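This report concerns only the one structure given below.
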Amino acid sequence: METVYLDTHVVVWLFAGELHKLSPRAIELIEANELLISPMVMLELELLHEIGRLSYSHETILTSLAESIDLHVCDLPFASITREATRHTWTRDPFDRMIVAHAASRNNSILLSRDRKIREHYKSAIWR
């Protein structure tokens, strides 16, 4: 069993039951591995809720997914993740930087993301 991090859009699709938006490889990895998210995913979910792009709070989404797929929030120290994030100069998006840094800090763990830019720059990002 590996550790697999989920990008924000993957969390949203899982919560919404929109499995058709996930690749077969993504579903396979979700079903067979330990699942984590960066705390930045939690923040991004809440910001999306605050601006009306999501109907549910981060708490509702993450509680539901913790129960249904055993999803957890990564607890690596913030300072070490921030140091790792400073190495990812390919983006100015703080969410992407921290999400990638969390996965990279845990032995270059897999990050499930459909985001092409993330996949181009983080060798352990997978979609298909």
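The values are calculated or read from the model by the stated rules, or taken from the named source; none is laboratory data. Everything numeric in this text was worked out from a predicted model, so none of it was measured. We place every Cβ from the backbone using ideal geometry, glycine too, and count neighbours over all the protein chains shown.
Numbers for the structure displayed
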item: Single residue of the range 1-27 satisfying the filter (modelled with pLDDT of 95 or more and among the charged types (D, E, K, R)) that is surrounded by the fewest Cβ atoms within 10 Å (Cβ to Cβ); result: Glu18
item: Members of the range 109-128 that are assigned to a loop (DSSP other than H, G, I, E, B) and modelled with pLDDT of 95 or more; result: Ser109, Ser113, Arg114, Asp115, Tyr122, Lys123, Ser124
item: Residue under evaluation Ile30, criteria (1) within 12 Å of Val11 (Cα to Cα); (2) in contact with an Asp or Glu (Cβ under 9 Å, 6 or more places away or on another chain), criterion not met; result: (2)
item: Cβ-Cβ under 8 Å pairs, at least 6 apart or on other chains, the range 90-107 side at negative phi and surrounded by 14 or more Cβ atoms within 10 Å (Cβ to Cβ), far side assigned to a loop (DSSP other than H, G, I, E, B) and among the aliphatic types (A, V, I, L, M); result: His102/Leu76; Ser105/Leu76; Arg106/Leu76
item: Count of residues meeting criterion [modelled with pLDDT under 95 and either within 11 Å of the chain's Cα centre (by Cα) or in a strand (DSSP E or B) (or both)] in the range 69-108; result: 0
item: Selected residue [on the phi < 0 side of the Ramachandran plot and crowded, with 18+ Cβ neighbours inside 10 Å] from Leu47, Leu36, Leu43, Leu76; result: Leu36
